[in-house]
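Heads up, the thing below is written out as structure tokens.
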Amino acid sequence: MCGVLGLSTPHGDGVASMAFFGLYALQHRGQEAAGIAVSDGQRARLHKDAGLVANVFNPDRLAPLTGYHAIGHTRYSTTGGSGARNAQPFLVETMHGPMALAHNGNLVNAPALRAELLSRGFGLTASSDTEVMTLMLTSAGGRDWEERLERTLPAWKGAYSLVILTHDRVLAARDPWGFRPLSIGRLPDGGWAAASETCALLTLGCSDVAEVEPGEIVTLQGSELRRRRLFASGRPAHCSFEFVYFSRPDSTWAGSNVHHARQRLGERLAAESPVDADVVVPVPDSSIPAAIGYSHVSGVPFNDGLIKNRYIGRTFIEPAQAQRQRGVALKFNALAENLAGKRVVMIDDSLVRGTTAGPLVKLVRDAGATEVHLRITCPPITHACHFGVDMGHDGDLMAARHDVEEIRRHIGCDSLAFLSLAGMLAAIAGPEPAGGSGLCTACFTGDYPVPVEEAPVKLAFEGALR
């Protein structure tokens, strides 16, 4: 789902280093490529490559990236392959000076937009919808970049939380549905930052943290901040899967802290699907708060049962199925002392392709558990996401092909239960209704906030360029 970051400082001290640490805090959002572009007021510089943030950047690579303004990106591919040519930001020279763009989300009308650019004589070097956005913006008319962006935004249908670097400022913008998170905060030196998640802003020491509103353009220029809301849809569509799995637990958006929302998911799950058991164990890390909540309501003791290798990435966002399967085998070990002879409730955040659940159930059984009851903190995922989560096609989703009992038999657990849609929405909302209102639940219901008939498959634009 990608992580984006933007910085504008009045003094220009260490802007690339700040961008590095901000991206490091967003590493969970993408592990395929990373990049940073900076501007000193006249010239722009860029370094990007395939790999993790800490592999792409070191002191020697950061040293030339001097300036007052910067944007960064860590990539998880949803349109276009995972190769280096699709790494972001995209930096181009224009008649108005340098411009770089980094994007989190997915445009459902990318094929039509791409075809239009080709018909107008544009050459394309990548297979990402982000390059399409970059070229559309460079060719837009307007007195300044804010006006060019304002004229271009209505053509983009789907999810986009983006940051744009120009020679003397950074712009941040969010689609009118608010699919993906984006927030801003004041840096300690008086400058401003924008990031996909508030955890990155807090890492940078930001104060006055606030959300970029759906349909809003924000200009960061040294110590100045200018906000302009262009439009908003009648139906906000914040991604519910951000709360279930993707966001870091110390982030807050759409009115809810992610950790507390996940704990409430577990509490609701315990109320809806209790079972006689001896221990509740999470599939670390994203399920830990939910397991705490399940234990609290059920009265079944919480304990660790699976130990995670922290140096293995998030297997859900590995680009290929074979990599995901190898990742699961390397990622977890069972703690037999906490499992042997026990009836275990294993809490997991979601069940997408079914790659992880079966091997984990077997791992817990092999450690001596007498029963394994799997509880999932969201409803069955039955429809593909077209707004920035690479779940695959409908046919790749286990719950799209099998009912709950068939899934249970395939996984090999003693019982299986999913949280209801109503329970999930109520848990995300919490005591205040802001978080649970206006959520996108298309992957559970098939009710897409934006028509997706023209949405491209992930590798749709890979054919001509290799």
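The values are calculated or read from the model by the stated rules, or taken from the named source; none is laboratory data. Just so it is clear, the model here is predicted, and its values are computed rather than measured. For neighbour counting, all protein chains shown are included, and Cβ atoms are generated from backbone atoms with ideal geometry for every residue, glycine included.
The figures follow:
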quantity	calculated
Filtered residues of region 103-133 (kept if in a loop (DSSP other than H, G, I, E, B), of a type in the set (A, V, I, L, M, F, W, C) and closer than 22 Å to Trp177 by Cβ)	Val108
Residues located in region 249-281, provided they are farther than 19 Å from Leu335 by Cβ, hydrophobic (A, V, I, L, M, F, W, C) and either more than 17 Å from the chain's Cα centre (by Cα) or not in a helix (DSSP H, G or I) (or both)	Trp253, Ala254, Leu265, Leu269, Ala270, Ala271, Val275
Within region 349-361, tally of residues that are surrounded by fewer than 21 Cβ atoms within 10 Å (Cβ to Cβ) and in contact with a strand residue (DSSP E or B) (Cβ under 9 Å, 6 or more places away or on another chain)	1
Subset tally (residues that are outside any loop (DSSP other than H, G, I, E, B) and either touching a Ser or Thr at 6+ places or on another chain (Cβ under 8 Å) or outside the structural domain of Leu225 (by TED's automatic domain parsing) (or both)) for region 134-147	5
Count of residues meeting criterion [buried (at least 20 other Cβ atoms within 10 Å of the Cβ) and more than 18 Å from the chain's Cα centre (by Cα)] in region 384-397	1
Residue in region 43-54 that is out of contact with any Pro (no Cβ under 9 Å at 6 or more places or on another chain), surrounded by 19 or more Cβ atoms within 10 Å (Cβ to Cβ) and not aromatic (Phe, Trp, Tyr) present	yes
Filter result for the condition that a residue is modelled with pLDDT of 95 or more and within 16 Å of Val4 (Cα to Cα), over Leu149, Leu182, Leu137	Leu182
Flag if Pro236 is touching a residue at least 60 places away in the same chain (Cβ under 8 Å) and not in a strand (DSSP E or B)	yes
In region 185-225, the residues that are within 23 Å of Leu107 (Cα to Cα) and aliphatic (A, V, I, L, M)	Ala194, Ala195, Val212, Ile217, Val218
Search result, residues across region 125-145 that are in contact (Cβ under 8 Å) with a residue 40 or more places away in the chain and surrounded by 15 or more Cβ atoms within 10 Å (Cβ to Cβ)	Ala126, Ser127, Ser128, Asp129, Thr130, Glu131, Thr134, Leu135, Thr138, Trp145
Top-ranked residue in region 126-157 [being more than 23 Å from the chain's Cα centre (by Cα) and hydroxyl-bearing (Ser, Thr, Tyr); ranked as nearest to Pro98 (Cα to Cα)]	Thr138
Contacts under 9 angstrom Cβ, first residue in region 31-58 being within 15 Å of Ser8 (Cβ to Cβ), partner aromatic (Phe, Trp, Tyr), 6 or more apart	Ile36/Phe20; Ile36/Phe57; Ala37/Phe90; Val38/Tyr68; Ser39/Tyr68; Asp40/Tyr68; Gly41/Tyr68
Flag if Ser273 is among the polar types (S, T, N, Q) and within 15 Å of Met424 (Cβ to Cβ)	yes
Given (1) assigned to a loop (DSSP other than H, G, I, E, B); (2) crowded, with 22+ Cβ neighbours inside 10 Å, number of the condition Pro188 does not satisfy	(2)
Test: residue in region 408-417 that is surrounded by fewer than 20 Cβ atoms within 10 Å (Cβ to Cβ), in contact with a helix residue (DSSP H, G or I) (Cβ under 8 Å, 6 or more places away or on another chain) and among the hydrophobic types (A, V, I, L, M, F, W, C)	yes
Among the candidates Val92, Val163, residue that is touching a Leu at 6+ places or on another chain (Cβ under 8 Å), surrounded by fewer than 17 Cβ atoms within 10 Å (Cβ to Cβ) and among the aliphatic types (A, V, I, L, M)	Val92
Search result, residues across region 149-177 that are over 20 Å from Ala37 (Cα atoms) and assigned to a helix (DSSP H, G or I)	Glu150, Arg151, Thr152, Leu153, Pro154, Ala155
Helices (runs of 4 or more DSSP H) contained entirely in region 1-78, each with at least 1 residues that are in contact with a Leu (Cβ under 6 Å, 6 or more places away or on another chain), more than 19 Å from Asp250 (Cβ to Cβ) and at pLDDT 95 or above	15-25
Exclusive hit being among the basic types (Lys, Arg) and surrounded by fewer than 17 Cβ atoms within 10 Å (Cβ to Cβ), set Arg229, Arg268, Arg248, Arg262	Arg229
Search result, residues across region 282-308 that are modelled with pLDDT under 95 and assigned to a loop (DSSP other than H, G, I, E, B)	Pro284, Asp285, Ser286
